[in-house]
Amino acid sequence: MDSKQVAEVCSRIIDNIERVIVGKREVVERTMIALMVGGHVLFEDVPGVGKTMLGRAIAGSIGCKFRRIQFTPDLLPSDVTGVSIFNQKTGEFAFREGPVFAGILLADEVNRASPRTQAALLEAMEEGQVTVDGFSHPLPKPFLVIATDNPIEYEGVYPLPESQLDRFLLRLHVGYPTREAEESVVKQQLLEHPIHTLAPVATAEDVLGLQKQVRTCHVDEALYGYALDIVQKTRESDQLYLGASPRGTLALIRSAQALAALRGRDFVAPDEVKELAPSVLAHRVILRPEARMNGVAADQLIAEIIDEVPVPV
């Protein structure tokens, strides 16, 4: 698969998703980047803006299984990963898969579950497998977690630990649609929701091919230095208690490779790094209390850091 074929497959999938998710192409493209890299996405947004439909549309477009887990305070780790059940006929334990065994998994309101249950998702996101009773079970490929985090409600929630936030490739915001887009959505869904007629336009093998091709996208030495300078600035900022980790640097480079491939190129330009840095790094840093009190936002601070770092020619 060459760069032209990669762009063609990506365009086909994105156009198909846009039959359901109207007026949010940038959000769809960013989520597609996570799928191409083999990463995961955290949506921090209000309810009802289409996050579940986005997951279903991606799964429907690539012919993968979609599953949704509603995270609640009483959700157990076994409710996510699965459980071993004793079979009286065979006299052996048989593993019954949990909802995590899907191509596209929606972890709805992930911050409502206990830290123990949230931790059950970590191995799946990082290793592509779950371990139950000492036995490891591989997850299907491709595997994409779309987690949602309601930023409005603060009662009955457990803040996501830094170790889990660092596992998300991107943090995105859908936001409310424009008036024209919302009118189009309402008219579309009066008779039948378009998700019910959505047909696959690619296969899981196509997505695995995209993931393989993305890794070959050329990154110039100057761009490695550019990404490292941005990350280093987050560690030196007097407004941040914790800067981005090396995993953040790797995520920034890989995301830039995917965006370049999506645009039909086999090399990364500085613009890809600049565009994606806020979405890749903002959730990996911790603001100092005085910065939060002054109303500083993490993504705003990352944007300021990007302006300070010289762009390589």
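The values are calculated or read from the model by the stated rules, or taken from the named source; none is laboratory data. Just so it is clear, the structure is predicted and the values come from calculations on it, not from any experiment. A quick note on method: Cβ atoms are made from the backbone with ideal geometry, for glycine too, and the neighbour counts reach across all protein chains shown.
Some notes on this structure:
- Count - residues of the stretch 160-204 that are in contact with a Lys or Arg (Cβ under 9 Å, 6 or more places away or on another chain) and either in the same structural domain as HIS283 (by TED's automatic domain parsing) or without any contact (Cβ under 8 Å) to a residue 24 or more places away in the chain (or both): 1
- 1 or more residues hydroxyl-bearing (Ser, Thr, Tyr): qualifying strands (runs of 3 or more DSSP E) within the stretch 72-126: 82-87
- Qualifying residue in the stretch 285-305 (condition: buried (at least 16 other Cβ atoms within 10 Å of the Cβ), not in a helix (DSSP H, G or I) and not β-branched (Val, Ile, Thr)): yes
- When residues of the stretch 13-51 are limited to those that are closer than 26 Å to LEU122 by Cβ and among the small types (Gly, Ala, Ser), the one surrounded by the most Cβ atoms within 10 Å (Cβ to Cβ): ALA34
- Count of residues meeting criterion [polar (S, T, N, Q) and in contact with an Asp or Glu (Cβ under 7 Å, 6 or more places away or on another chain)] in the stretch 67-102: 2
- Filter result (assigned to a helix (DSSP H, G or I) and either over 18 Å from VAL285 (Cβ atoms) or among the hydrophobic types (A, V, I, L, M, F, W, C) (or both)) within the stretch 227-250: ALA227, LEU228, ILE230, VAL231, LEU250
- Residue within the stretch 242-250 that is closer than 20 Å to LEU172 by Cα and surrounded by fewer than 17 Cβ atoms within 10 Å (Cβ to Cβ) present: yes
- If you check VAL268, VAL207 for being touching a Gly at 6+ places or on another chain (Cβ under 9 Å) and not basic (Lys, Arg), only one passes: VAL207.
- Looking across ASP166, ASP133, ASP108, one residue alone is exposed (fewer than 14 other Cβ atoms within 10 Å of the Cβ) and among the acidic types (Asp, Glu). It is ASP133.
- The residue that is surrounded by the fewest Cβ atoms within 10 Å (Cβ to Cβ), counting only those in the stretch 52-82 that are over 24 Å from VAL22 (Cα atoms) and among the small types (Gly, Ala, Ser), is SER78.
- Within the stretch 137-153, the set of residues being closer than 27 Å to ASP206 by Cβ and not in a loop (DSSP other than H, G, I, E, B) comprises HIS137, PRO138, LEU144, VAL145, ILE146, ALA147, THR148.
- Hits in the stretch 251-276 (condition: assigned to a helix (DSSP H, G or I) and within 16 Å of LYS212 (Cα to Cα)): ALA251, ILE253, ARG254, SER255, ALA256, GLN257, ALA258, LEU259, ALA260, ALA261, LEU262
- Residues that are part of a helix (DSSP H, G or I) and more than 29 Å from PRO151 (Cβ to Cβ), drawn from the stretch 1-51: SER3, LYS4, GLN5, VAL6, ALA7, GLU8, VAL9, CYS10, SER11, ARG12, ASP15, ASN16
- Screening GLY264 against (1) within 26 Å of LYS4 (Cβ to Cβ); (2) in contact with a Leu (Cβ under 8 Å, 6 or more places away or on another chain) leaves a single unmet condition, (2).
- Residue that is farthest from the chain's Cα centre (by Cα), among those in the stretch 177-200 that are surrounded by 12 or more Cβ atoms within 10 Å (Cβ to Cβ) and in a loop (DSSP other than H, G, I, E, B): GLN189
- Checked against the criteria, THR52 does not count as at pLDDT 95 or above and within 29 Å of ARG179 (Cβ to Cβ).
- Single unsatisfied condition, PHE168 versus (1) assigned to a loop (DSSP other than H, G, I, E, B); (2) among the hydrophobic types (A, V, I, L, M, F, W, C); (3) modelled with pLDDT under 85: (3)
- Options THR72, THR52: the member that is in contact with a strand residue (DSSP E or B) (Cβ under 7 Å, 6 or more places away or on another chain) and touching a residue at least 12 places away in the same chain (Cβ under 8 Å): THR52
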